[in-house]
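The values are calculated or read from the model by the stated rules, or taken from the named source; none is laboratory data. As the structure is a computational prediction, the values presented were derived from the model and not from experiment. Backbone-built Cβ (ideal geometry, glycine too); neighbour counts: all protein chains shown. Please note that ligands, DNA and RNA were not included when accessible areas were found on the heavy atoms of the full protein model with its side chains. Shrake-Rupley method; radii C 1.70, N 1.55, O 1.52, S 1.80 Å.
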Amino acid sequence: MGGYEVQIQDRLLFSNDIKSSHSEESGSSSPDDNQPDSRKRVSQMLYQRAALMPKFATKVLSNQLGPPSKKPFMGNAIMTSSRGTFNSPLAVNKKEKSHPPFVIDESEDPKPVVESCIAAHLRPHQKEGITFIYKSLRDHGGCILADEMGLGKSIQTIAAIWAMMRKNSIRINLKCLLVVPSSLVNNWKSEFKKWFGTLRKPVMAVQKNSDIRSYAASHSYNPFLLISYDLALRHVEHLKLLKFDVLVCDEGHKLKNINGKIRTALYSLEIPRRLILTGTPTQNDLDEFFSLLDFVRPGKFGNRIEFREMCTEKNDEFTALRDKCLLRRLSSRLQAHLPNKHEYVLFCKPSEIQKKVLQTICDQMTGEPLVLIDYIRKLVNHPKLLHQKLLEDQGKETRISARPFLYTFPKNYKESVSDSGKLSTLCEMLACFHEYKERCVIASSYAKTLDMIEKLCNAMDFCVFRLDGDTPVHVRQKIVDQFNTASDPNSVFLLSKKAGGAGLNLIGASRFVLFDSEWNPAIDLQAMARIWRDGQKLECHIYRMATAGTIDEKMIQRQIQKGELGHFVEQIENSSSVKFRDEDLADIFTFHDSPCNTHDMIECKCGGTGNLPGEEEEIENGDGDVVNDENAMSNTEDDALDDFEDYIITINKKEDKEAIEEIEMQKEEENGGAAVENAEDAEQLAINGSSLNSLFRWRHYSPRHESQWEEFKETAGLGAIDLSDVSFVFKISVKTSES
Ligand SMILES: [Zn+2]
C-alpha cells in the first residue's frame, strides 16, 4: 500500500494538464523502482503520517482513487478584512462601543475626532500619524508621510481627512482627490471597505470618464475621489474644474522629477492641501528631495539653489523645517506588536540523480552559462523540471545540445518526489503543517515549480490558493481575502514571487516556505514579509529551502554577501552579452559535496555542533539560556535600523551620497525588473550582512548532533517529522520586546 501512495504522487506531479493528469495515467500502475530506497522512505513517511492522522490518512488514501480535487478558490467572493480580526468598524462590537473616540486636537472647537469604531483599532503610532497629517494640512498646507510599509499609511490618511471632513458640518463639503498607482486602486477600495464596511463608503473610484461627472454631483456623499495616476493625467482639465480641497498622492516618489509630466499636472490643479505618501523617501539627489518637499509646501524651501544652500550651510534650520513636514517611522515600531519570527535556511541533500546530472552540466560550463544556469536552477528544484525543458529544447536550434544532458537521465525517466531533496522535505513539512493546522505560503520564482507543488498539495488534499502572473489583477485581493479568512485550516497559498507585488497581506498563514532564491535579495525579502506583518497573531516560521552544495546555496551566499556578484549576475541574466569573471562561474558550476558549503566557508569552529562562539561560557556562567544569541541578534537588527534612520536623516551629508547612490541604483534595477515595493528591505539587508560573517549570528544545527537536532525540530514547529533529507540548518530569530 505504501508504495502505491508514492507512485500516485509521482505520476501526479508532472503531467501537462493539472486537472486531467490523474485520470489520463490511471491505467499504468506498475511500480517502477528507480530508487527503491528513497521511495520506500517517502512512502513510509506518508504511511506513518497516515497512521498518525486518521483524517489525513483517509483523505490521502481516498484521493488516490479519484482525480485530485482542485477546489475553486473563488467560491464565495465575500470581501472581508484582510486583517482577519474584524470585518468592519461600523459593524460595532462591544470593544468598539465602549472605546472613546480619538480626539485629534483638544484645543479646537468643535473637536476633530476619529470615531470610536475606527479609534478602537488604532495603534499609538497611527494616532500620532493622524495628528501629524491633520495639523499639517490644517496649518501648513501639506506634508509627507514616509512610514515604512506595513505601518498603515492608508488608514492614517483616511482617518485624518475624514475627521477634517466631518468636523464642521453634517453635510460634507470638503473634496479629496486620492491619486494612486493603478495597481493599488483595488487595495485602496478594500481599505475603505474594511473601515467603513458595506454601509457607507465615502469613496468613488474613477473607472471611466463619466465617473468624474457623477462625482461632481455626488461628492457630498462620496467626498473621496480615487483615481490612478494615468487617468488623472488624462483628465487633468476635468479635475481642475472640481476644485478639490485635499490632494493625496500615494507612492508619491513618482513626483520626484520636478519637471515631470505627472507632477506638473497635479501641481496645476492648485489644490491647497497636499499629502504625499511614500515608503521610500530617500532620494539620491537633493533635487529630487526638493521636488517632493516643494510639492507639499510650495515655496517654503526656496528655489533649488537656496534649498541646497540650506541643506549644507544651515543644517539645523533645514532639519527643523523638514521635520515639520515629513514624518517617517520604521516598521521596527510595529515589530513590538508582532509575534516572534524565526527564519531558517534548510540545506537539503541533492538526490543521486540531481548530483549526476549536475556533474554533467558543470563539465560543460564553458558552453552557454546563461542557459546552463537556467538548467541547474530547474534541476535543483526537481530533475523532472529540467527533463521537460530538455525534451522541449531537443528539437530546437540551440547553441548547446540538450542531448548529452538528456542522456544522463535514465531511459524512460520516471520521476519521484524523492528525486528532489527539497521536494521530499517540503512534502514532510506540509504533512506537519497539516497536523498542526497551521496555514502556509509557498513561494517560487517558477510557474512550473508551482505547478508541481500544486499537484503535490492537491494530492495531499490541501485547499490550494494560487497567485501568479496569470492571476487577473482584479481578483487578487479576493483570493488573498479568502485565504486569510478560509474556514478550512488546511489551506496552502502558492505565490509566484514575481507576481507577489505591493501590499499583499497573507497573515492567514504563519508558515512560509521559500522554495528557491533570487539573485536579488529584495525580491525574496519582499515575499517573506507577506506573513510577518500587522495583524499577524501567531509565531511565524519562515523556511528557505536550498539544495546543498549547488547554485541554490550559492544564491543565498550571494544574497548574504550582497557584493558585486549579486548585481553582476543579475546583469548576466538580463543580457547575454555580458562578460564575467571565470572564478565566479567556476564557483557556480561546482558541486560542493558537503552537508553545508556555507558553514565550511565561514570556517566556523563549532565542529558542526552549532554552539556559537562564547555560548558555552555563558552556560557556565549560569545565564546560558539558548536564546541569548537571538536577543543579541534582535538588538543588532534594531541598531541596523537606527543606523538606517540616521542615514536618511543625514541625507544632505556628502559622505552618504555614495551609499545612497548605490541603493538608488539598486532600486532602479528593481523597478526595471520585478516589482519590488520596498527597496528598504534590501537596504536593511545590505546593512545587516556585508559579508558571510554575519552568519555567525545565526544559530545552526546539524543532524549529526542528535539532541540539538531534536531541539531544532521542536522549536522550528516541525515536531517529530523525519527530516532525513535535510543536512544542515541555519536559524535566526527576531524576538519582540513583549515576549
Ligand atoms: Zn558552526
statement: Among LYS378/LYS554; LYS135/LYS261; LYS175/LYS240; LYS356/LYS384; LYS378/LYS448; LYS135/LYS324, the pairs whose Cα-Cα distance exceeds 18 Å are LYS135/LYS261
- request: Restricting things to alpha carbons, find the Rg to Rh ratio for the stretch 406-502 using the Kirkwood radius for Rh.
  value: 1.03
message: Quick check on the stretch 94-335: of the DSSP beta bridges with both residues there, what percent are antiparallel, nearest 5%?
response: 10 percent
message: For TRP698, TRP162, give me the order by solvent-accessible area with a 1.4 Å probe, most accessible first, ignoring ligands, DNA and RNA.
response: TRP698, TRP162
task: Please go through the stretch 228-293 and write out the trypsin sites (Lys or Arg not before Pro) that DSSP classes as loop and that have at most 16 other C-beta atoms within 10 Å.
output: LYS243
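Within the set of other residues whose C-beta is less than 13 Å from the C-beta of PHE196, count the net charge using Lys and Arg as +1 and Asp and Glu as -1.
+4
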- line: Under a 1.4 Å probe, counting only protein heavy atoms, ARG200 has an accessible area in Å², nearest 10, of 70 Å²
- request: Assign one of three labels to the stretch 113-174, namely rounded, prolate or oblate, based on the Cα gyration tensor with a ≥ b ≥ c the square roots of its eigenvalues; rounded applies when a/c is under 1.5, prolate when it is not and a/b is larger than b/c, and oblate otherwise.
  value: oblate
statement: Note, the stretch 245-250: 3J(HN,Hα) by Karplus (6.51, -1.76, 1.60, θ = phi - 60°), whole Hz, Gly/Pro = x, goes 9, 9, 10, 10, 10, 7
message: Under the rule a/c < 1.5 gives rounded, and otherwise a/b versus b/c splits prolate from oblate, where does the stretch 94-335 land using the Cα gyration tensor?
response: oblate
query: List the trypsin sites (Lys or Arg not before Pro) in the stretch 385-432 that DSSP assigns to loop (not H, G, I, E or B) and whose Cβ has at most 11 other Cβ atoms within 10 Å. Which are they?
result: LYS396, ARG399, LYS411
- line: From highest to lowest solvent-accessible area (probe 1.4 Å; ligands, DNA and RNA excluded), HIS474, HIS337, HIS342 read HIS474, HIS337, HIS342
query: In whole Hz, what ³J(HN,Hα) sequence does the stretch 183-194 give by Karplus (6.51, -1.76, 1.60; θ = phi - 60°), x for Gly and Pro?
result: 5, 9, 4, 5, 4, 5, 4, 6, 5, 4, 4, 4
query: Using the heavy atoms of the protein chains alone and a 1.4 angstrom probe, what is the accessible area of the stretch 236-294 per residue in square angstrom?
result: 38 Å²
- prompt: What is the set of long-range amide H partners of ARG466 at a cut-off below 5 Å, with H atoms built 1.01 Å from backbone N?
  reply: LEU494
task: Provide the solvent-accessible area of TRP532, counting protein heavy atoms only and rolling a 1.4 Å probe, rounded to the nearest 10 Å².
output: 30 Å²
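Taking a ≥ b ≥ c as the square roots of the eigenvalues of the Cα gyration tensor of the stretch 143-256, is the shape rounded (a/c under 1.5), prolate (a/b larger than b/c) or oblate?
rounded
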